[in-house]
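Reading through the structure tokens given below for one structure.
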Amino acid sequence: MGLRTVSAAEIREQVIGAIGEICCRPTPETADLLRAALNREKDELARDMLQSILLNHQIAAEEALPLCQDTGLLVVFAELGSELLITGGILPEIISAAAASAWQKFYLRDSIAPDPLRGKTLLPPEAKPGSSAARATSGLPFILHLDQVAGNRLTLHLALKGGGAENCGALQMFNPGASLGEIEDFIVRTVVEAGGKPCPPVFVGVGIGGDFESCAILAKRALLLPPHNEPDLQRMERRLLDRINLRGHGVMGCAGSTTALRVSILTRPCHIASLPVAVNIDCHAHRVTSRVI
Amino acid sequence: MKIHRLSLPLDPSGLTELKTGDKILLSGEVHTARDQAHAKFIDLLNNGEPFPFDLSKTALFYCGPAPVPPGRTSGSLGPTTSYRMDRYTIPLLERGLKVMIGKGERSPEVTAAIKEHGALYLVCVGGISALLARCVVSRETLLWPELGAEAVYKLVLQDLPCYVALL
Ligand code: SF4
């Protein structure tokens, strides 16, 4: 290895390309999991809904239209090699410019309120949602989690995260004495009680450990990263998936035997007094991809 | 699963044949409205101002459509989560609202009010928005264009696939 340079323009093009890819096509894994769910499904209503989802994949790709009108909030996990030099800009600004271009290029929906309290406080008029100031930030702001790692590459994990699924997440600070059963009950309950709101069948990201905020970040990271190889966690993931699908309300919370398509868990060490557990849900549109630059 | 073709304005006698879980292919004129448009509707009612369209003849589609690419009638569109509109729904039902299209469950109070007013709550599959865009015959921005996706759009639909959730 050794020092490498990469231009801001190259990163920008890669990010624009990644957003274009995920807004209009499902990941190959998502399409496979949904087809498998349809093959298993006996309920007529659930079958009809799953068929519509699969047909939508085809139409969205053919017509270059977004899979969902909620083209989401851009979330990026970036791992920046310590021996990579970016010329012509800093990463947050490069991604921000890429998002702004991608939102225009692919006709994505501006879903970001510049002020979370909107009309609830006295805002300067130029900051009101829908104003020209707000539109100038189209596709922005995005969420960036930036880590420095060894090496001379930049790895980007990107997601377009819809609001309906994001609203159904939860975090609980467990007592370290809590049993695995109590923790699993919380995860299952969070997904089942979300009903049809997060557009099931869903993907479930679980973070266990860390502190309050890193646990939530871990749950989201679990949705974006390729699967791990931890046998104990894999067993827990399968058990949770079975329990969710046994108790869940099915496709769109209406019918059928598939409420979740995959459960992914990541863990990290935590304080001896703590045991945070976070659940982050993604819908079947599941717009995620990775790039190594 | 029974499939019915329904047109707006709804003929109340058609409602008697419907059951929860039936599929509907919905045609006619609907109005989109999300959280902000609903808040404005309630302001209009509270201020005693005239309502901008006849609620009894249309459907409120909980939807913020994506922009329209050149040469198309509509961009991707589909339902948003309905429970966020629950806080505004009962006064609208009292004002004549008969049909709502969204996704997910309603609160117990709104569920009861829908039944009491003989209204109909339909759900669409979320995230099939390229497919649903094909059902749009025409689209115009009716109210509050400054709200972007949260504006009220008047849509004419042909055979929008949805399902009876509450009636
Ligand atoms: S939760 Fe549903 S409506 Fe929201 S982005 Fe996902 S598929 Fe679309």
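The set of residues from the range B:48-65 being touching an Asp or Glu at 6+ places or on another chain (Cβ under 8 Å) and either closer than 15 Å to A:Ala60 by Cβ or assigned to a strand (DSSP E or B) (or both) is empty. Looking across the range B:111-147, the residues that are surrounded by fewer than 23 Cβ atoms within 10 Å (Cβ to Cβ), part of a helix (DSSP H, G or I) and within 14 Å of another protein chain (Cβ to nearest Cβ) come down to B:Thr111, B:Pro145, B:Glu146, B:Leu147.
Yes or no, residue by residue, for (1) within 16 Å of the ligand (Cβ to nearest atom); (2) in contact with a Pro (Cβ under 8 Å, 6 or more places away or on another chain):
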{"residue": "B:Gly71", "(1), (2)": "no, no"}
{"residue": "B:Thr80", "(1), (2)": "yes, no"}
{"residue": "B:Tyr88", "(1), (2)": "no, no"}
{"residue": "B:Pro91", "(1), (2)": "no, no"}
{"residue": "B:Val99", "(1), (2)": "no, no"}
{"residue": "B:Gly102", "(1), (2)": "yes, yes"}
{"residue": "B:Glu105", "(1), (2)": "yes, no"}
{"residue": "B:Ala112", "(1), (2)": "no, no"}
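Somewhere in the range A:174-192, is a residue within 16 Å of the ligand (Cβ to nearest atom) and modelled with pLDDT of 95 or more? The answer is yes, given that some residue of the range A:174-192 is within 16 Å of the ligand (Cβ to nearest atom) and modelled with pLDDT of 95 or more. Residues of the range A:240-287 being within 16 Å of the ligand (Cβ to nearest atom), in a strand (DSSP E or B) and within 14 Å of another protein chain (Cβ to nearest Cβ), which ones? Within the range A:240-287, A:Val251, A:Leu261, A:Ile281, A:Asp282, A:Arg287 meet the criteria.
Taken together, the residues in the range A:51-90 that are under 18 Å from A:Leu146 (Cβ atoms) and of a type in the set (Ser, Thr, Tyr) amount to 2. Tell me whether the range A:193-213 contains one or more residues that are within 16 Å of the ligand (Cβ to nearest atom), more than 14 Å from chain B (Cβ to nearest Cβ) and closer than 18 Å to A:Thr30 by Cβ. Yes, that holds for at least one residue.
Restricting attention to the range B:68-100 and to residues that are farther than 22 Å from A:Ala60 by Cα and touching a residue at least 60 places away in the same chain (Cβ under 8 Å), the residue that is farthest from the other protein chains (Cβ to nearest Cβ) turns out to be B:Lys98.
Among the residues of the range A:63-106, those identified as surrounded by fewer than 23 Cβ atoms within 10 Å (Cβ to Cβ) and closer than 17 Å to B:Gly127 by Cβ are A:Glu63, A:Ala64, A:Leu73, A:Phe106. Sub-7 Å Cβ pairs linking a first residue in the range A:274-285 that is closer than 28 Å to B:Thr80 by Cα and among the β-branched types (Val, Ile, Thr) to a second residue that is near the ligand (Cβ under 9 Å from one of its atoms) and open to solvent by 10 Å² or more (accessible area, probe 1.4 Å), at least 6 apart or interchain, are A:Ile281/A:Cys168, ordered by first then second residue.
Yes/no per residue for (1) at pLDDT below 95; (2) more than 30 Å from A:Arg35 (Cα to Cα):
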residue: A:Ile59; (1), (2): no, no
residue: A:Gln104; (1), (2): yes, yes
residue: A:Thr137; (1), (2): yes, yes
residue: A:Leu146; (1), (2): no, yes
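The values are calculated or read from the model by the stated rules, or taken from the named source; none is laboratory data. What you see is a predicted model, and the numbers here were worked out from it, not measured in a lab. Here Cβ is always computed from backbone atoms with ideal geometry, including for glycine, and neighbour counts include all displayed protein chains. Keep in mind that these areas ignore ligands, DNA and RNA; they rest on the heavy atoms of the full protein, side chains included. Shrake-Rupley method; radii C 1.70, N 1.55, O 1.52, S 1.80 Å.
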